[in-house]
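The values are calculated or read from the model by the stated rules, or taken from the named source; none is laboratory data. Computed from a prediction, not measured in an experiment: that's the story for all the values here. Positions of Cβ are backbone-derived with ideal geometry, glycine not excepted, and every protein chain shown enters the neighbour counts. For accessibility, only protein heavy atoms count, side chains too; no ligands or nucleic acids. Shrake-Rupley method; radii C 1.70, N 1.55, O 1.52, S 1.80 Å.
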Amino acid sequence: MRAAAVIGVLIAVGLAAAAWLHGWQLRQSRLPGQTISVKGLAEKPISADSAEWRLTVNVKRKTAAEAIDVLRVERDAVVAFVSKAGFTRASVTAASESVDESFDERRSAGGDTIRVPDGFLATLTITVTSNDVAAIEQAYRSSVKLKIDGRAVAISAPSYLVSSLEDVKMSLIGAATQNAQKRAAEFASQGGVKVGPMRSASQGAFYILPASNASKTVDDYGGAYDKTTIPKIARVVVTIDYGIERCPNPRASANV
């Protein structure tokens with residue numbers, strides 16, 4: 001019986017010590033010098049205001065001279081298509097012509113891979129740049145006609161760009177900071193403390209996302225720049241550390 005009584009006393013003392021320690025830790029968490037770290041998010045719709053479109057002409061022939069001659073014919077056909085779509089000469093750039101010997105890989109009698117010359121490949125890239133993104137989009141959709149006509153051209157999807165990325169980012173940082181402060185106040189109100197001054201702040205990820213898929217999960221420390229769509233969503237994430245202070249009136253924390 002005496003042993004049981006001793007064990008009971010020890011358990012009671014242990015519970016009392018644990019309760020005191022928990023209360024001490026809670027009081028410490030409300031003392032100046034402690035911080036709370038929160039993330040803030042802001043986003044807004046934006047639109048691409050310029051576009052870049054590439055069409056690459058590839059011609060393969062037995063001789064370099066023949067490849068170059070046919071390349072120029074194909075180039076003129078592509079440039080004529082682009083001009084008919086409404087783009088001026090200033091909007092269209094043709095890169096320098098290049099021609100290289102072409103090889104075909106084959107298996108030798110011994111089973112080895114060998115490269116056998118099989119002609120010459122001539123290449124050049126035509127780039128269309130414009131602030132009329134709708135015209136670029138329409139021309140791209142119509143460019144299937146070049147394939148139907150048998151033109152030796154590889155057609156890339158346009159890149160739809162935003163020229164004022166820095167201005168967009170700065171306009172969102174303020175809103176993201178306000179969002180972070182609201183979150184900090186909500187957390188603090190649940191803990192019986194109030195939000196103090198900002199201790200540190202850092203910008204996390206900056207995203208330009210397709211408007212049609214902007215709800216997808218993203219990494220706070222990554223970033224993305226969608227160039228495939230005209231309507232987009234710009235999003236900024238910030239991380240801010242606030243000081244937390246003891247709240248003398250428990251009800252006051254709910255009004256932070």
Handout entry: For residue 119: the one exception among (1) on the phi > 0 side of the Ramachandran plot; (2) touching a helix residue (DSSP H, G or I) at 6+ places or on another chain (Cβ under 6 Å); (3) not acidic (Asp, Glu)
Key = (2)
Fill in the blank from the handout: When every residue in the stretch 117-126 that is without any contact (Cβ under 8 Å) to a residue 60 or more places away in the chain and open to solvent by less than 60 Å² (accessible area, probe 1.4 Å) is compared, the one nearest to residue 65 (Cα to Cα) is 119
Handout entry: Failed criterion for residue 51 (all others in (1) under 30 Å from residue 233 (Cβ atoms); (2) modelled with pLDDT under 95 hold)
Key = (2)
Handout entry: Flag if residue 200 is farther than 17 Å from residue 172 by Cα, assigned to a strand (DSSP E or B) and at pLDDT 70 or above
Key = yes
Practice task
Of all residues in the stretch 156-171, count the ones that are assigned to a helix (DSSP H, G or I), open to solvent by 40 Å² or more (accessible area, probe 1.4 Å) and of a type in the set (A, V, I, L, M, F, W, C).
Solution key: 2
Exercise for the section: Show the residue pairs that are 6+ apart or on different chains and have beta-carbon atoms under 6 Å apart, the first residue being within the stretch 91-110 and within 16 Å of residue 153 (Cα to Cα), the second being of a type in the set (Ser, Thr, Tyr) and surrounded by 14 or more Cβ atoms within 10 Å (Cβ to Cβ). Expected result: 93/127; 95/125; 98/123
Exercise for the section: Considering every residue within the stretch 61-78, establish whether at least one is open to solvent by less than 70 Å² (accessible area, probe 1.4 Å), modelled with pLDDT of 95 or more and of a type in the set (S, T, N, Q). Expected result: yes
Fill in the blank from the handout: In the stretch 206-256, residues that are of a type outside the set (A, V, I, L, M), within 21 Å of residue 178 (Cα to Cα), in contact with a Ser or Thr (Cβ under 7 Å, 6 or more places away or on another chain) and modelled with pLDDT under 70 total 1
Completion exercise
Among the residues of the stretch 100-116, the number that are open to solvent by 70 Å² or more (accessible area, probe 1.4 Å) and either touching a Lys or Arg at 6+ places or on another chain (Cβ under 7 Å) or closer than 13 Å to residue 62 by Cα (or both) is 6
